[in-house]
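To start, the structure itself, in structure tokens.
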Amino acid sequence: MTISTRIFSFVALLLGLACNSLQAQTVVITNPSVPTESFSAKELLDVYTLNKAHWENGSRITVFDLKSGKVKETFYDHLGISEQELQRIWLRKQFTGKARPPRSMSNEDDVVRMVESTPGGIGYVSERAVAGKKNVRIVARIK
Amino acid sequence: MRFILRTKDMRISFDISLISVPLILLGMMAATATTNAQVDDALQLFGSMQTIFFHQESRIDTDIPALGFSSSGTETRNTFALQQMDIFLRKEIDADFTAFVDLEFQLNYSSDQRWGSVSIQEAWLNYHLSDAINLKMGLLFPAFNHLNEIKNRLALQPYLFRPLVYERLLSRKFFAEDFIPEHAFFQVHGALPTGNWFVDYAAYAGNAEASYISRSAPDGSIITDLNPNFEFLSGVDPSNIKLKLFGGRLGVRTRDEQFKVGLSLTHDYNNLRDSTRYPGHVLSGPARRLLGSDAPRIRVGQDLTGRLGDFWLEFEAIKVLYNLDEADRLSIEIEQSFFSGVLGYDIIPEVTTYATLQYGDYTFGLDSDYFLYGFGGAWRVNDAISAKAQFVVYDEQFNDSPSEGSTVISQHVCITFVFLGFSILL
């Protein structure tokens, strides 16, 4: 193996690792209309348990969720709550009229598109899904 | 109500009973919901239903020791039923106002066959001032213990047969309002975050208990237990502000909602003017002297719910206290109490099992105790369907005189139920 081939392989490996790391990181995104610029896990839990229904500027929060996948598991682990528990909480809030449950999207591109177009919208995706997107704001990173 | 529809070639007339009007409105609203499906403030239409089969074996033993008399009887019955169906409508009118309606159909409802019932259980408007202050106006389930706000949300509960005072199948036996506030009309409520907890509060006001509400007699006249001279409407509460319901709940819960505890309190009056609500087997001889009055009543409730790993717990206690001079003077005990505990275990996320124990003491001048114990399970087949099964034993012991001065009757009633059913989210 020549020196140039070795250097090329090393660079390719580094790029691969970087891309992999970009894909692995889960980010929480909001519509630019949302006044809050960063969120703790506790604040995200309040949003996803629908205990917080309005942003500080008085607008309604619209929550987006993913149907399944590794990104979803990472996000729920970050919140410290299981999917079954969240669904139980959402059902109780929905059936008592207190809130509407999050809208469940099949893929990350749909989450990004909906958060972009929904004032007060919040969702979570892998960082790769928001690369180059100007109309969403990253408000938390989860490793 | 008679409507006439004219077309070029024919003239069609049809009757719309009062009961049909909400159904037609519902259909129109559903059509709007579909039209506005892509709009954020579209009408949300959803619902639930529960269909059951139950088998019941009953045994009653009666003894009159003074006469040396004893008898017993047994009966077995079983039935299929659409236990309940609820249609919910919710609309986010703007950032601050939300409207909500719950239409409830019970027991194979058919107006034609006179089966079951249909009712508006909730219809309210909520004004959101902040997460800490909300104002709810309209017909609503007030915050009282854990179950009162979801008492008719059968799909949210793992059981088919609810704790006794909440169970509509027993509404002819237990007057729910003796233990819980059924409805209120104004409520201020909110949640205050403090550390890892929320402090929940609610304060509300509503009508006097339902038996005060004026009703229509078959001949069209208005029936009321208060002054009939001024009564010209049915369905309204003709009582003075003094008799109205006032109450509230104060509680805390963890931010992840895994643990919740609260204390509830209400003040209103028990309508002892309505003698039809208190037949001989419910109100004993001496206590019938209390009829004709308004009995000041305080309900005190404590609730505790929690999850720890795969275990879960629901506990409620209700104590009903009266302040009635006449009862004190006659030394008639009229207090009532109710305790319910459910301990559950999730075998896997989709399957839960539980055991329940309930106890009540329906004094009101009677020496009557009842126990309920049983167990059950629920299997979440998918996001919308749950299969449920429950076994329940109801045991009631009664010792009293049906009329003043008569001999004491001892009665023991034991009913065993097996319930099977499905809850379906619509």
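Read-outs: derived from the displayed coordinates by stated rules, not from any lab. Source: prediction; values computed, not measured. In this analysis, Cβ positions are derived from the backbone assuming ideal geometry, glycine residues included, and neighbour counts consider all displayed protein chains.
The charge dipole of region A:26-142, taken about its Cα centre with unit charges on the Cβ atoms of Lys, Arg (+1), Asp and Glu (-1) only, comes to about 280 debye.
Toward the positive end of the charge dipole of the protein assembly as shown, with +1 on the Cβ of Lys and Arg and -1 on the Cβ of Asp and Glu, the farthest Cα among A:Ile29, B:His183, B:Asn207 is that of A:Ile29.
Going by neighbour counts of Cβ atoms within 10 Å, the residues A:His54, B:His189 line up, fewest first, as A:His54, B:His189.
Backbone phi angles across region B:289-298, fed through the Karplus curve with coefficients 6.51, -1.76 and 1.60 (θ = phi - 60°), yield HN-Hα couplings of 5, 7, 4, x, 10, 9, 9, x, 10, 10 Hz in residue order; Gly and Pro are listed as x.
Comparing B:Pro158, B:His128, B:His267 along the charge dipole axis of the protein assembly as shown, the residue lying farthest to the positive side is B:His128, per the Cβ-charge model. Net charge within 15 Å of A:Lys93 by Cβ-Cβ distance, Lys/Arg positive one each and Asp/Glu negative one each, not counting A:Lys93 itself? Overall, the nearby charge balance is +2. For B:Leu103, the shell of other residues with beta-carbons less than 10 Å away shows a net charge of -4, using +1 for Lys and Arg and -1 for Asp and Glu.
The trypsin sites (Lys or Arg not before Pro) of region A:66-122 that meet both conditions, a loop assignment by DSSP and at most 15 other Cβ atoms within 10 Å of the site Cβ, are A:Lys67.
Of A:Lys93/B:Lys151; B:Lys91/B:Lys136; B:Lys260/B:Lys388; A:Lys67/A:Lys133, which pairs sit farther than 18 Å apart, going by alpha carbon to alpha carbon? Where the Cα-Cα span goes over 18 Å, the pairs concerned are B:Lys260/B:Lys388; A:Lys67/A:Lys133.
Going through region A:39-74, which GluC sites (Glu not before Pro) have at most 14 other Cβ atoms within 10 Å and a DSSP loop state?
On the way: sites: A:Glu43, A:Glu56, A:Glu73; in loops: A:Glu56.
Passing sites in region A:39-74 are A:Glu56.
Between the listed residues A:Ser59, A:Phe95, A:Ser106, the Cα displaced farthest toward the positive end of the dipole of region A:26-142, a dipole computed from Cβ unit charges relative to the Cα centre, is found at A:Phe95.
How would you classify region A:57-143 from its alpha-carbon gyration tensor, with a ≥ b ≥ c the square roots of the eigenvalues: rounded for a/c under 1.5, else prolate if a/b is greater than b/c, otherwise oblate? Taking the square roots of the gyration eigenvalues as a ≥ b ≥ c, region A:57-143 is oblate.
List the relative contact order of region B:136-222 as a percent without decimals, with contacts defined as Cα pairs under 8 Å and 6+ residues apart.
Values: 93 pairs, mean separation 25.0, N = 87.
Normalised by residue count, the contact order of region B:136-222 is 29 percent.
Just check chain B against the gyration tensor rule for me: Cα atoms, a ≥ b ≥ c as the square roots of the eigenvalues, rounded for a/c under 1.5, and otherwise prolate or oblate depending on whether a/b exceeds b/c. Verdict is rounded for chain B. Count Lys and Arg as plus one, Asp and Glu as minus one, and take only other residues whose Cβ is under 9 Å from that of B:Asp86; the net charge is then -1.
Can you tell me how the protein assembly as shown classifies by the Cα gyration tensor, rounded, prolate or oblate, using a/c under 1.5 as the rounded cut?
Values: a/c = 2.15, a/b = 1.77, b/c = 1.22.
Prolate.
Return the loop-located trypsin sites (Lys or Arg not before Pro) in region B:144-244 (DSSP other than H, G, I, E, B) with at most 14 other Cβ atoms within 10 Å of their own Cβ; answer none if there are none. Answer by residue number: B:Arg172, B:Lys173.
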